[in-house]
Structures are given as C-alpha cells and as structure tokens.
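Here's the structure, in structure tokens; my notes come after.
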Amino acid sequence: LIREIKRCGYVPNTDLVLHQLEEENGEAEKERLLYQHSEKIAVAFGLISTGKSRPVRVFKNLRVCGDCHNAMKYITTVSGREIVLRDLNRFH
C-alpha cells in the first residue's frame, strides 16, 4: 500500500517524528516509524477484511498526525474506497 501511494505522490513527513535517530539511517527509520501508526494499520486491515463497496471507518481517542491525514487522502485515491478517520476533535 505504501509503495502504491508513493507512486501517486505521497511523501512521508518525517519532521513529525520526534525520536532522535542516528544520522546514517535516520530518515529511513523515521519513515518506518510513521508506517506503524495505528490508524494506518487499522485502515490497511479494514481494506483487506471488508467488502470492496464498503467504507472503512476508523475512530481514535488520540489526535491524528498530519502525515496520517495526508496518507489517508492517497489511500482513498489508490484503493477507490471511502475512508472515514475520526479523532477526538474532527473527522479527517
């Protein structure tokens, strides 16, 4: 899924990762950390476990980071599915 959205123009926003990592492999590691956010994993699970005509709905009790918000736009385009992402403050 990540490869597909990257082909469409998605660029991970590693500035949002607060961990201090080694310079040598830091950017790749930050990207890997972004890919492990719970909402991305939940949406991926929803895409493979629900019917193709069904929307995927994910509700979180924490804020959604800017990178996840941006990634969901691309995932919606690539998958052709409606994705509803809700956090404490808003729908994304």
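The values are calculated or read from the model by the stated rules, or taken from the named source; none is laboratory data. Here the structure is a predicted model, which is why all the values come from computation and not from measurement. Please note: Cβ atoms are built from the backbone with ideal geometry, for glycine as well, and neighbour counts cover all protein chains shown.
Things worth noting here:
- Pairs with Cβ under 7 Å, 6+ apart, first in the stretch 69-84 and under 19 Å from residue 11 (Cβ atoms), second part of a helix (DSSP H, G or I) and of a type in the set (Lys, Arg): 71/40
- Near pairs, Cβ below 6 angstrom, 6+ apart or cross-chain, from the stretch 30-56 (touching a residue at least 12 places away in the same chain (Cβ under 8 Å)) to any residue that is in a helix (DSSP H, G or I) and acidic (Asp, Glu): 34/67
- Considering the stretch 39-92, the residues that are within 15 Å of residue 2 (Cβ to Cβ) and hydroxyl-bearing (Ser, Thr, Tyr) include one that is nearest to the chain's Cα centre (by Cα), namely 74.
- Of the helices (runs of 4 or more DSSP H) lying entirely inside the stretch 1-75, those containing at least 3 residues that are modelled with pLDDT under 90 and crowded, with 16+ Cβ neighbours inside 10 Å span 26-35.
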